[in-house]
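Every number here is computed from the coordinates shown, using simple stated rules; none is lab data. Small disclaimer: the values here were computed from a predicted structure and weren't measured. Please note: Cβ atoms are built from the backbone with ideal geometry, for glycine as well, and neighbour counts cover all protein chains shown.
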Amino acid sequence: MAQPFLKKDDDHDDEADYSPFLGIEKGAVLQEARVFNDHQLDPRRCSQVITKLLYLLNQGETFTKVEATEVFFAVTKLFQSRDLGLRRMVYVIIKELSPSADEVIIVTSSLMKDMTSKTDMYRANAIRVLCRITDGTLLTQIERYLKQAIVDKNPVVASAALVSGIHLLQTNPEIVKRWSNEVQEAVQSRAALVQFHALALLHQIRQNDRLAVNKLVSSLTKGSVRSPLAQCLLIRYTSQVIRESASNTQTGDRPFYDFLEGCLRHKAEMVIFEAARAITELNGVTSRELTPAITVLQLFLSSTKPVLRFAAVRTLNKVAMTHPIAVTNCNIDMESLISDQNRSIATLAITTLLKTGNEFSVDRLMKQITTFMSDIADEFKIVVIEAIRSLCLKFPLKHRSLMNFLSNIIREEGGFEYKKAIVDSIVILIRDIPEAKESGLLHLCEFIEDCEFTYLSTQILHFLGIEGPKTSDPSKYIRYIYNRVHLENATVRAGAVSTLAKFGAMVDSLKPRIFVLLRRCLFDTDDEVRDRATLYLNTLGADGAVVETGEDVKEFLFGSLDIPLVNLERSLKNYEPSEESFDINSVPKEVKIQPLAEKKAPGKKPTGLGGPPPGPPSTIDAYEKLLLSIPEFANFGKLFKSSAPVELTEAETEYAVNVVKHIFDGHVVFQYNCTNTIPEQLLENVTVIVDASEAEEFAEVASKPLRSLPYDSPGQTFVAFEKPEGVPAVGKFSNMLRFIVKEVDPSTGEAEDDGVEDEYQLEELEVVAADYMLKVGVSNFRNAWESMGPDCERVDEYGLGPRENLAEAVNAVINLLGMQPCEGTEVVPSNSRSHTCLLSGVYIGNVKVLVRLQFGIDGPKDVAMKLAVRSEDEAVSDVIHEIVASG
Amino acid sequence: MELCPLVKNILLLDSEGKRIAVKYYSDDWPTNAAKEAFEKAVFAKTQKTNARTDAEITMFDNYVVVYKFVQDLHFFVTGGENENEIILAAVLQGFYDAVGLLLRGTVDKKEALENLDLILLCLDEIVDGGIILETDANVITGKVASHSMDAGAPLTEQTITQALATAREHLTRSLLK
């Protein structure tokens, strides 16, 4: 068996596939492992067998529990051999076998002996192996040796102990934290990598102590770090400190910036790059701070090393998103990278150029890209397309050449994601650039003639139905749509039928022809297609049977479903078939705010086709049920809105109280959620005394006390007010918690019989205009805005005074109005000077409201805002202005 | 841990994408099948590129992969998407040069398999649980080769002594610099 291992006569290599492991088999190797048990150990042979075992493991072979145990026990015998090479292999295979706790005991003493050996190699490796396989109990026994090893004069031993410490910190932090003195000493080591490992461990030990990290950084940045890797670490820690210290960026004095800038002149490329990247990622970085970093990155762009070029262009690409101007200096270097052998670099270069390019360079760029597109993979193409889309939105005048480009590439081969990216881009261009509409729609029509993706076909058909009828010559689209009815699968056919109906509804001159086409669809093989055709023929009045007005039909065909789909789904699931038919108005409309994590998810860009993301299930159902169960409130009607809980006490006081405001048409109910945080007390007969003297339009009608409030189990008490019906009355309420307090014997948990009446002052509560506004999103703001029409539009301008930045002003207005931001417009790019924010909501009385906010900021941080409101009722439009004016 | 430069895996594949020696330091690939799928993807992505003079680089699935080829051997080092590319390249260069030294300049698949023990030891000395141990090829080779010094006539005696000679030569040269 040792045969294959011997070196062959190397005169001629005719066997190309020769491998020393040819035909190796697990069973046979396990047999061979018996040599480990021989009395006279043959180190060479044993090494070979271990190599074979490692080869098998490396190839993905697995050992059963029994096999692994057997091999492990056999391997432990090899500690008898004094052969260095064999010992080295033994260390490796023990780590690979990852023995169980009871097996570890067998090798512990051998490894501990090696840990104290005179041979450096033994010490270093024994530490690594032992720390890898050990559990906490053993660690206390070897702790002393590990502390010594950290300051060992042999760098390999010290590094081994430090790196093991980094791993052990995850499982046994309390032990490793005791080593900080030794680790601190090791940070001063002259050996480069010891310094690196010691710094990594020291920072990790102290990472939760911000002050200590601060001190560590400020002492080390004065310059005692030699290793480039350690220097990179230090740069990372420094930027963390900068991030966490809320410094005043306005004055330009950013702590440690000088250190980062100094690192740009380091002799190691990895340090230069790390520093440059750190500078570009600083919060609110100024162009003065950016310049030196951009300069070194620009030098990297023309490096002969692909890795440097890639690193630089990737970083510049990110910078271009926020500071395009800063990157324009690199444009010439960037252009030469378009022909880079490495396609990743080329793609990054192109997308950066697209972000920084000016109007005149667009045509030239597009020419370069066209030749480039054919030889890159789909994923790169998608990146390029997204960049082109944003470029087109930036330079609407260039839409012709960009649209041409998109229509050319959409005809080429490509997968679903790629095609979807192109279609999305065309849709967005059509939506945002009116001049691009006609040509864009025709490109889409041509695309669906030969589109293999059902999803895309139906989405495009839907879009055609909305946009097509508004064009100058709607009839030219009919042919494309009707072709679908002939040639496609049932899903697409059904979509095409709906689209035809929309043309019929909007364009009277086309109606007769549409009816002919729809009637042909009545003979389709698919139920859904036939049903739709029948339905539309009836609603559009082809047979004169239905007497609906045109407006209703349009609403039916085009009106967006203003109910979140998840809510509808849940209501339908809860619906039990009965005499009473399902009422769509009973579906709650409240959209819950998306958790932040989801918003940050990558790829969440405003796409043209998708609707608003579905929100998580709301709690409004639970509130409604709760309120209906209380007889006093049962006749208040339908719950319009419940606010988020508002805290009325400071954190960690004796009694924690928050309030939820429930708004009904003619009533308001305050739900006080109370928690008693004193174990020695039981509260009884808990009420809230509300003083409504500053809320003139409100009159208290009912109050529901809480009978008993034991320690740490929350309870609710309610107070209801009457207010003028349908009027958004506002006011201030002061609250006093009144209760009977009884002492509780902590040992028995029993309360005394006698109680004392007591009061506890709560904070004030306000009912504001936003409480009368439901957050209801719309899927396509522009469509909704246009269909609302300018009849009830109110426009005015406001000065918002000095503000920290635009984002703060935008948030303030959104919160004031309590409306749902649409299409991600609540996010303000940092450093922007102007911003448009779109809001939608439903006002009490079920009045839809859309708001368009345009913000601008000038030099001394003065923010001005133009507010345009459209709603179904001009009184409501005025109310919105009043809210802003008085806010 | 997040702030420390981390290596996700080191791969040494042959010209067909088959494993010679691989080492994973991350739980991103829990099963052998996942590992093989990753190797296949990496290989397919890089196969057509020319990474023979300089290390090349690519990015996919939110990983940065640096790689270098010689003869029928393909070297890869993978890091997370936010990793400093140049640090990863330093690890790759250390591995690549160390293997070159250990195989005495005859760097091909056959030689690598015949000295697989050295390659595995080499991997063991470069990265420990994702943390970079050493990137200097001379030091790595020194650590891997040193073990046979006292051993009586090991099988690969000739290989080792010569490797050592080269290693020493490199060492002295770097000291003289």
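Below is a table of values for the structure above.
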| read-out | value |
| --- | --- |
| Number of Lys pairs (Cα under 30 Å; 8 or more positions apart or on different chains) in region A:636-767 | 16 |
| Summed residue charge, Cβ within 10 Å of residue A:150's Cβ, Lys/Arg positive, Asp/Glu negative | -2 |
| Radius of gyration and Dmax over the Cα atoms of region A:313-394, both given in Å | 11.3, 31 |
| Net charge contributed by nearby residues that have their C-beta within less than 9 Å of residue A:41 (K/R +1, D/E -1) | -1 |
| Reachable aspartates and glutamates, given that their alpha-carbon falls under 16 Å from the alpha-carbon of residue A:305 and they are not under 8 places away in the same chain | A:269, A:333, A:340, B:54, B:56, B:85 |
| Rg/Rh (Cα only; Kirkwood hydrodynamic radius) as it applies to region A:441-490 | 0.93 |
| Around residue A:800: net Lys/Arg minus Asp/Glu count, Cβ-Cβ under 12 Å | -2 |
| Interatomic Cα distance distribution for region A:636-767, bins of 5 angstrom, percent | 2, 11, 20, 22, 17, 12, 8, 5, 3, 1, 0 |
| Degrees between helix A:192-206 axis and first principal axis of chain A (Cα, 0 to 90, nearest 10) | 50 |
| Sites residue A:646 and residue A:756, calculated FRET efficiency, Cβ-Cβ separation with R0 30 Å, nearest 0.05 | 0.55 |
| For the protein assembly as shown: Kirkwood Rh in Å [reciprocal of mean 1/r, alpha carbons] | 35.0 |
| DSSP-defined beta bridges in the protein assembly as shown - what % are antiparallel, rounded to 5 | 100 |
| Set of lysines near residue A:65 by C-alpha distance (under 18 Å), chain-local residues within fewer than 8 positions excluded | A:26, A:95 |
| Cα-projected label distance for residue A:438 with residue A:483, points at 7 Å along beta-carbon direction, nm | 2.0 |
| nm² value of the averaged projected area, convex hull over the Cα atoms of region A:772-886 | 6.5 |
| Total charge dipole magnitude, the protein assembly as shown, about the Cα centre, Cβ charges on Lys, Arg, Asp, Glu only, Debye to nearest 20 | 4720 |
| FRET E, pair residue B:31, residue B:3, Förster distance 45 Å, beta-carbon r, rounded to 0.05 | 0.95 |
| Gained length - residue A:732 relative to residue A:207, 0.36 nm times residue gap less alpha-carbon distance | 184.4 nm |
| Nearby aspartates and glutamates by direct alpha-carbon distance to residue A:861 (threshold 15 angstrom, same-chain neighbours under 8 apart not counted) | A:804, A:808 |
| Number of partner chain Cβ atoms within 10 Å, mean per residue of A:85-98 | 4 |
| Nearest-ten-degree value, helix A:306-322 long axis tilted from longest Cα axis of chain A | 30 |
| Over 22 Å (Cα to Cα) - which of A:77/B:8; B:18/B:45; B:8/B:40; A:318/B:48 fall in this group | A:77/B:8; A:318/B:48 |
| Per-pair calculated FRET efficiency, R0 = 22 Å: residue A:471 and residue A:368 via Cβ, rounded to 0.05 | 0.10 |
| Degrees, to the nearest 10: A:228-244 long Cα axis against longest axis of chain A | 30 |
| Signed unit charges on C-beta, dipole axis of region A:772-886, positive-most listed residue A:807, A:880, A:845 | A:807 |
| Measure of compaction for region B:7-151 (Cα Rg per 2.2 N^0.38 Å) | 0.98 |
